[in-house]
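Below is one structure, written out as structure tokens; comments come after it.
Taken together, the values in this text are just the output of simple stated rules run on the coordinates, not laboratory data. Source: prediction; values computed, not measured. Counting neighbours? That spans all protein chains shown, and the Cβs are built from the backbone with ideal geometry, glycine included.
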Amino acid sequence: MERSLVLLKPDCVQRRLMGKIISRFEDKAIEIVAMKLMRVTPDLAKQHYAEHVEKPFYPGLEEFITAAPVVAIVAQGLDVIRVIREMLGATNGLNAAPGTIRGDFSSSRQMNLVHASDGAEASAREIALYFSDEEICDFDSCLESWCRAGDE
Ligand code: CMP
């Protein structure tokens with residue numbers, strides 16, 4: 001089992017798309033083991049986007065990600081990091097394939113609705129930034145035996 005940090009960004013919250021996006025993950029039988037509505041502070045933004053802080057677009061990115069609440073989610077499943085990245089589509093909504101979340105709902109590079117961890121190392125780092133261990137509620141999914149075979 002793998003985990004990914006997913007953020008429904010301020011544009012997703014403001015556009016009332018939270019339910020639609022969460023439904024896509026639920027429809028795929030991805031488990032949600034933690035979730036909260038919260039505000040990203042400038043300090044948290046700098047930690048989350050540490051690799052982008054020096055880039056020219058960072059000030060705009062920080063202004064955007066702190067401008068309204070986000071929904072932070074820990075998603076869990078087999079190969080979930082890759083699966084969610086593929087469900088999101090290309091970073092720029094204008095380039096994202098139809099059928100992907102960004103392809104269906106976003107027409108922007110910055111306002112691309114959802115963030116998801118891009119690898120195992122990023123996932124561990126990002127989950128620790130947003131959630132304490134106590135906030136993660138792992139549970140036995142009653143759907144498990146109907147979503148994949150035992151040897152998958
Ligand atoms: P995300 O997957 O959250 O990771 C970094 C974010 O920075 C990205 O989504 C976009 O929202 C934003 N981003 C990436 N590249 C650019 C860019 N060239 N200009 C503006 N924003 C960008």
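Between the Cα long axis of helix 18-27 and the first principal axis of the chain there is an angle of about 30°, rounded to the nearest 10. Here's the list of lysines a cross-link from K28 could span, going by alpha-carbon distance under 22 Å and ignoring same-chain residues fewer than 8 apart: K9, K20, K36. Only helical runs count toward this figure. For the chain, summing -39,500 (n - 2.57) over DSSP H runs of n ≥ 4 and dividing by all residues gives -10000 deg cm²/dmol at 222 nm. For the range 138-152, backbone phi angles converted through the Karplus equation (6.51, -1.76, 1.60; θ = phi - 60°) give residue-by-residue couplings of 6, 8, 7, 7, 6, 7, 2, 6, 10, 10, 6, 6, x, 9, 8 Hz, Gly and Pro being listed as x. For the range 2-136, the relative contact order works out to 37 percent when only alpha carbon pairs closer than 8 Å and six or more residues apart are counted.
Just to confirm the number: angle between the C-alpha axis of helix 120-130 and the first principal axis of the chain, 0 to 90 degrees, nearest 10? It is inclined by approximately 70 degrees. Subtracting the Cα-Cα distance of A128 and C142 from 0.36 nm times their residue separation leaves 2.3 nm of extension gain.
Of the options T91, S123, C147, report the single residue whose Cα projects farthest towards the positive end of the charge dipole of the chain (beta-carbon charges: Lys, Arg +1; Asp, Glu -1). Checking the options against the dipole of the chain, the answer is T91. If every alpha-carbon in the range 2-136 counts as one equal scatterer, what log10 I(q)/I(0) does Debye give at q = 0.11, 0.13, 0.17 1/Å? Log-scaled intensity ratios, in q order: -0.35, -0.50, -0.90.
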